[in-house]
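The values are calculated or read from the model by the stated rules, or taken from the named source; none is laboratory data. Everything quoted here is computed from the prediction, not taken from an experiment. Please note: Cβ atoms are built from the backbone with ideal geometry, for glycine as well, and neighbour counts cover all protein chains shown. Note: areas computed on protein heavy atoms with side chains; ligands, DNA, RNA excluded. Shrake-Rupley method; radii C 1.70, N 1.55, O 1.52, S 1.80 Å.
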Amino acid sequence: MANTNLQFKTNYTVSSKIEPFYKGGKVQISKDEKHIFCTCGSHVNVLEISTGKIVHSVEHDDQEDITSFALSCDDELLVTASRALLLKQWDWRQAQCTRSWRAIHTVPVASMTFDSTSTLLATGGCDGTIKIWDVVKQYCTHNLKGSSGVVHLVQFHPDISRLQLFSSSLDCGIRLWDLRSSQCVCVLQSHYSAVTSLCFSADGGTMVSSGRDKICTVWDVNTRKAKRTVPVYEAVEGVVLLPENKDFSQIGVKSKDLHFITAGSKGVLRVWEASTARCVYTQTLPSTLIPVHGEEEEEEEEKDDDPRSLTYLLHLPNSSRLATVTAEHNILLYQLPGLTTQQQFVGYSDEVLDVKFLGKGDSHIIVATNSCQLKVYELLTNSCQILYGHTDTVLSLDVFKKGSLFASCAKDRSVRVWEMDSDSGLVRCVAQGSSHANAVGSISCSRMKASFIVSGSQDCTVKVWDLPADMSTAGTGMCQLTSRATEKAHDKDINSVAVSPNDKLLASGSQDRTAKLWSLAGEGNLGLLGVFRGHRRGVWAVCFSPVDQVLATSSADGTTKLWSLQDFSCLKTFEGHDASVLKVIFVSRGTQLLTSGSDGLVKLWTIKTNECVKTLDAHQDKVWGLHASRKDDKMVTGSADSNITVWVDVTEVELAEEQAKQEDQILKKQELSNLLHEKKYLKALGLAISLDQPHTVLTVIKAIRQGEDSRELLEKTLLKLRLDQKESLLRYCVVWNTNARNCLDAQAVLQVLLTHLPPEELLQYQGARTHLEGLIPYTERHMQRIGHLLQASMFLNYMWQKMRVAGAPSSMGQDEEMDTTPLAQSQPFLMIDKEKGKGSGEERQDAGDDSDSGQDEDPNCPVEEEEDDEVSVTKKASICGGRIANGASTKTNGNHHSESEESSEDEDVEEDKNEQTKMVKCLPVSSAPQCQTFAS
């Protein structure tokens, strides 16, 4: 039975985002070891190590990509170089550029470094030159020429008194520059490939260099000779010397000889003894990283895009840690001396293919990206675990009812089951199976308990895999899964599979445009129960309703459909996405749907009304991942734009806020009524303005104007208002002025404001110019209306006098004078009557007939509505202004009539004028010459 207290969802808001912060390039750690600086296109992002969040970001104004950057040794100065050949100096904590200058390089800067005093900056360019800048006195001190090709490495000797600079370029030599003479004093030749890093001993007498030629060389800096060449058997990207006075016996350091750590293409850290060129320790990789499928180790080494390879190695001496950067833009921190993993940050996730909530209370999310690795994020801290196991791109995920167990499938034709430890939060692979003939594109877990999983593959088959009951107690071992049932389900790739809430049914969706329903009750093969036909293109997702016998499907034809499980008929179709609908899930206990599409949108639908109640736009590309939490109070989306967004349902919050707002308004209106009764007009007006309701404010204005000495009282009250209250009052006057019934109140307020406030103050009000422009056309109309009423009253007086003269007795004395004063004042009105009869006249042409008898009778012109609706006054003025300019008017039997804009008093005047026109035509012949003379 449906819960009568169920509240439909109406809105979600973004709770948090996981965005890319590093897309390759240089990485540097601050001296205080609190921040990581890394490049991301045209930005240098500053990541706080303790929280894993981006706390600062700097960007060049020209939005050119940053080619290199350097942070000074005192953590105060950040200098960046862009492709536009500009160098910029930053106060990075405030994200403000403090200085910029043109680099003398003719091509972009490839490398940068500061000396230990933070006063000298060296830049190595792609033009083969090196410039040294004094950042204090702001000038170039050296221009070092002689390198061949791109200078990709520059580094000062740590002892600044030596005034030595080391550099390396395409010729693979290490050049030593004497800054006193600006000369290259020698070239250290040992490497046959690019030199990647240099590291100096504490006394500065020994230097270790690493290269992609798979060797490291130990140099005596004083004699400038190679002391030892150490074959490392992998392309080395970084080298770090171990401190001499610490115990590193856990990683194989048994003697006091010089030891160093290398990081390179194999993705492991190794410890080497310099004197013997022997590897004393190799970091242990997870068992899942051992080469599989009989691949040779050397073949693995030759992979250029191996995600395990390391590109940077950085030393954090104060905290005794190491930081490595992987080819997949992950930053990992290890704690010495045991090299235990401490923190992991994912700099760039590429395309997010699936995402699910995980853990107790949905505290984590598991993410499948365009990678063979899985990422598990803790939502509270953004810390990440990187899971290795699959050997090709992971395509789909699903979570068991027990929130700590989930399954994955990948292009490597395998499925895996993973378990999160409830105490430590660590995730390990507990089971795997592989018997599909092609990539496995979809996976679904049993709903009642963790008893089986179902996979759908590009080989057009569906497989059911039974899970062992003691899987979680199997220790560190990994179970091998075998499929209990295999069925050729479709004619094309299977995109989605879903298990029903009672574990008895299975649904599958395919590129062949159909969805199928299967029985899981039998022990043997799957039993086909029916086919759902109706989509015009491939079916991307299938999902069972949690409460009804209904299946939802989404398709590349841009629609989502609901199907009956009893007769396989289509019950409803939801259309709204502009492209493929990639995911569909039920929320609100099966009464609503969430869909995501290739258009980057997420839509919330109410099934009963077939209505899209909310469209969420937070992604710029396909939204592949869509999942709701078990409590149904939040959801997570993952997109091809590399962003992961966590959304929170704010329906209850919004309803509570709306209810509180309504209650507050009721209380304020009661208080307003009391204030008006007590004639405390200033407080009443301030309270009415705080409600932001023009009609309520108008009520107070009318109450003020009804009392004695209303003009003085209104003036006194309005001038005591605050500046923001006067600003609101001006805005309300524009609304009131559009209605003939309220124009007098609006004009009374305007008279006070315009009389007592200087123009400079009025123009400072927000939107003041727009408000004043909106007041002008309506004020002109009101003036015309008043003029017509005045003229009409004079004409009436004239007619009354003429009737008295015509009907006077013959005995009337010559000495009795007739009041002829209105005659001279009412002369123009016979001209108006004449125009009404003939349908022409100069006044109509000039004014566009914008009087009570003209433009304002158009029922389609929303000029003066009876209600006090808050509408765009500027828009209304522009609409009516256009009609006035076109001289549009409505006539009936030669006479104009009013339908919606004027008050009842205006209509009475109009009727009087029509009667007066008739009376003019019926005047006696004796008075006609006088009328003609008057009209002339």
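Based on what the data block shows, is residue 426 under 26 Å from residue 597 (Cα atoms) and in the same structural domain as residue 598 (by the TED database)?
Working: under 26 Å from residue 597 (Cα atoms): no; in the same structural domain as residue 598 (by the TED database): yes.
So residue 426 does not fit the description; no.
Taking the conditions (1) modelled with pLDDT of 90 or more; (2) surrounded by 18 or more Cβ atoms within 10 Å (Cβ to Cβ) in turn, residue 328 satisfies each one other than (1). Residues of segment 622-640 that are touching a Gly at 6+ places or on another chain (Cβ under 8 Å), at pLDDT 90 or above and either part of a loop (DSSP other than H, G, I, E, B) or open to solvent by 10 Å² or more (accessible area, probe 1.4 Å) (or both): 622, 624.
Each row is one residue, and each column tells you yes or no for (1) aliphatic (A, V, I, L, M); (2) open to solvent by 90 Å² or more (accessible area, probe 1.4 Å); (3) outside the structural domain of residue 766 (by the TED database).
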| residue | (1), (2), (3) |
| --- | --- |
| 660 | yes, no, yes |
| 667 | yes, yes, yes |
| 690 | no, no, no |
| 719 | yes, no, no |
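Only residues that are out of contact with any Asp or Glu (no Cβ under 6 Å at 6 or more places or on another chain) and either assigned to a loop (DSSP other than H, G, I, E, B) or buried (at least 18 other Cβ atoms within 10 Å of the Cβ) (or both) were counted across segment 42-53, and they come to 8.
Residue count for segment 264-318 under the criterion of being at pLDDT 90 or above, within 25 Å of residue 429 (Cβ to Cβ) and not in a loop (DSSP other than H, G, I, E, B): the result is 3. Within segment 123-148, the set of residues being among the aromatic types (Phe, Trp, Tyr) and not in a strand (DSSP E or B) is empty.
Filtering segment 79-95 to residues that are within 28 Å of the chain's Cα centre (by Cα) and open to solvent by less than 60 Å² (accessible area, probe 1.4 Å) leaves 80, 82, 90, 91, 92, 95.
In this structure, does residue 9 turn out to be charged (D, E, K, R), surrounded by 15 or more Cβ atoms within 10 Å (Cβ to Cβ) and not assigned by the TED database to the domain that holds residue 594? It is true that residue 9 is charged (D, E, K, R), surrounded by 15 or more Cβ atoms within 10 Å (Cβ to Cβ) and not assigned by the TED database to the domain that holds residue 594.
Scanning segment 401-411 for residues that are at pLDDT 90 or above and either open to solvent by less than 30 Å² (accessible area, probe 1.4 Å) or not assigned by the TED database to the domain that holds residue 362 (or both) yields 405, 406, 407, 408, 409, 410.
Within segment 391-406, which residues are in a strand (DSSP E or B) and closer than 17 Å to residue 625 by Cα? First the steps, then the outcome.
Initially, segment 391-406 is screened for residues in a strand (DSSP E or B), giving 394-399, 405-406.
Result: 394, 395, 396, 397, 398, 399, 406.
For first residues located in segment 575-589 and assigned by the TED database to the domain that holds residue 600, partners that are outside any strand (DSSP E or B) and of a type in the set (Lys, Arg) and lie 6+ apart or on another chain with Cβ distances below 9 Å form the pairs 579/622; 580/537; 580/622; 582/622; 587/9; 588/9.
Pick from 587, 542, 550: which is under 22 Å from residue 628 (Cα atoms), within 35 Å of the chain's Cα centre (by Cα) and at pLDDT below 95? Walk me through how you get there before you give the answer.
Values: 542 fails: at pLDDT below 95; 550 fails: at pLDDT below 95.
Criteria check complete, one pass: 587.
Looking at residue 595, is it out of contact with any His (no Cβ under 6 Å at 6 or more places or on another chain), outside any loop (DSSP other than H, G, I, E, B), free of Cβ contacts under 8 Å to residues at least 60 places away in the same chain and surrounded by 23 or more Cβ atoms within 10 Å (Cβ to Cβ)? For residue 595, the condition - out of contact with any His (no Cβ under 6 Å at 6 or more places or on another chain), outside any loop (DSSP other than H, G, I, E, B), free of Cβ contacts under 8 Å to residues at least 60 places away in the same chain and surrounded by 23 or more Cβ atoms within 10 Å (Cβ to Cβ) - is met.
With respect to (1) on the phi < 0 side of the Ramachandran plot; (2) over 30 Å from the mean Cα position of the chain (by Cα), the lone exception for residue 386 is condition (2).
Based on this model, can you work out whether residue 429 counts as at positive phi, over 34 Å from the mean Cα position of the chain (by Cα) and of a type in the set (A, V, I, L, M, F, W, C)? Step through it out loud before you land on a result.
Numbers: at positive phi: no; over 34 Å from the mean Cα position of the chain (by Cα): yes; of a type in the set (A, V, I, L, M, F, W, C): yes.
No.
Scanning segment 723-769 for residues being under 12 Å from residue 698 (Cβ atoms) and surrounded by fewer than 18 Cβ atoms within 10 Å (Cβ to Cβ) gives a total of 2. All of 629, 642 fail the test of being at positive phi and either of a type in the set (Phe, Trp, Tyr) or in contact with an Asp or Glu (Cβ under 7 Å, 6 or more places away or on another chain) (or both), apart from 642. Among the residues of segment 666-722, those that are acidic (Asp, Glu) and in a helix (DSSP H, G or I) comprise 671, 712, 715. Restricting 685, 698 to residues that are buried (at least 20 other Cβ atoms within 10 Å of the Cβ), touching a residue at least 60 places away in the same chain (Cβ under 8 Å) and in the same structural domain as residue 743 (by the TED database) narrows the list to 698.
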